[in-house]
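Down below is the structure, laid out as structure tokens.
We did not get these values from a lab; they are worked out from the coordinates using the rules stated. The model shown is predicted, which means the values in this text are computed figures rather than measured ones. Here the Cβ positions follow ideal geometry from the backbone for every residue, glycine too, while neighbour counts run over all protein chains shown.
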Amino acid sequence: MRKKNYKGRCEKQSLDKFTTICKTYDPIQTAYANILVKNKDVAQIRCNVALDGNECNEYMTDFVCTKIDGDLMVRECCQQKYLTKPQTAALLDLSRNYWLRHGVTDWGVVVDAAQE
């Protein structure tokens, strides 16, 4: 989950199943975008989807996928080391609650592998 006007480094790719050019901002997003393209249950993928609403209008969700059966699947990408940070937890909670209000029950967090 990122701010709408995020100014960090961006990698642009043209991938199957994406409705627009896929813009990823970190290695976790890039790797997961490639995993989603290979997933046979996913029909269409949107990345960096803006959240509408008073409390969350300046943020965007990493991936919103339409499955073959028509259900939506939402995934947020996060580095494992940030999961315990209060701000990260608050943003992930905001995203989860937003999508629950919109009827999405398949919501999850994608984290990088633990670094030793």
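Output the antiparallel fraction of DSSP beta bridges having both residues in region 42-116, as a percent to the nearest 5. Looking only at bridges with both residues in region 42-116, the antiparallel portion is about 65 percent.
The ranking of T66, T105, T24 by Cβ neighbour count inside 10 Å, starting from the fewest, reads T105, T66, T24.
Remark: the K4-D112 segment gains 36.6 nm on full extension, using 0.36 nm per residue and subtracting the alpha carbon distance.
Could you give log10 I(q)/I(0) at q = 0.21, 0.22, 0.29 Å⁻¹ for region 59-116, computed by the Debye formula over C-alpha point scatterers of equal weight, without solvent? Debye curve over Cα of region 59-116, log10 I(q)/I(0) at q = 0.21, 0.22, 0.29 Å⁻¹: -0.81, -0.87, -1.23. Distance from a point 7 Å along Cα→Cβ of T20 to each backbone N in region 57-73: keep the residues under 18 Å and list them by number. Zone members listed by number: 57-66. In this structure, I35 and D93 have a Cβ-Cβ separation that, at R0 = 35 Å, corresponds to a calculated FRET efficiency of about 0.90. The region of the chain that goes longest without hitting one of the trypsin sites (Lys or Arg not before Pro) in a DSSP loop, each with at most 10 other Cβ atoms within 10 Å, is 41-116. P(r) tail for the chain, what percent of Cα pairs lie past 21 Å? When every Cα pair of the chain is considered, 35 percent fall beyond 21 Å.
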